[in-house]
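In what follows, a structure is listed as structure tokens, so that the remarks can point back to it.
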Amino acid sequence: MSEETSFEDFLKVDLRIGTIIEVHEFPKARKPAYQLVVDFGAIGIKKSSAKITDLYTKEELLHKQVSAVVNFKPRQIANFMSECLILGVYNNDGNVVLLQATNSIKNGEQIR
């Protein structure tokens, strides 16, 4: 188990729902990954690098809604600037399974 955190610290993390509008191969990444462009509605479009190539094809990801942290500082990954962190969990095979809402949600809605 991780170190305890306060509720106030948790509230600093901005978790939002967005829809993937573009998916590109990312050959310069050290581990297989995609470059994603995600529409977060009123807060705008953000890019992310995601190591999710084992379970998801580019076609499956296009128009899929995802959960993401949108207020981390941008991070340089090879020649790409990742602006948000797409959320997922490792399954028993060590592959990332995306965390998603069970119903369609308006882009940009905050996860609480």
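A short reminder: the numbers here are calculations on the coordinates, not readings from a lab. Fair warning: this is a prediction, and the values are worked out from it, not measured in the lab. Glycine also receives a Cβ, built like all others from the backbone with ideal geometry; neighbour counts cover every protein chain displayed.
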Query raised in the report: With charges set only on the Cβ (+1 for Lys and Arg, -1 for Asp and Glu), what does the dipole of the chain come to about its Cα centre, in debye to the nearest 20?
Result: 340 debye
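Would you mind giving the three semi-axes, in whole Å and largest first, of the ellipsoid equivalent to the stretch 7-98 according to its Cα gyration tensor? Don't skip to the answer; put the middle values down first.
Values: eigenvalues 82, 47, 40 Å².
Each semi-axis is the square root of five times an eigenvalue, giving 20, 15, 14 Å.
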Query raised in the report: Hey, what does the equivalent ellipsoid look like for the stretch 68-112, semi-axes from the Cα gyration tensor as sqrt of 5 times each eigenvalue, largest first, whole Å?
Result: 21, 19, 8
**Report entry** Extension reserve of the residue 102-residue 12 stretch, reckoned as 0.36 nm per residue once the Cα distance is removed
**Finding:** 29.9 nm
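Quickly rank 10-20, 83-93 as a protection proxy: mean count of other C-beta atoms within 10 Å, highest first. All intermediate terms of the calculation are to be shown ahead of the outcome.
Values: 10-20: 16.9, 83-93: 15.1.
So the order, starting with the most tightly packed, is 10-20, 83-93.
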Query - Lysine pairs with alpha-carbon atoms under 19 Å apart, the chain, spacing 8 or more or separate chains - result: 19
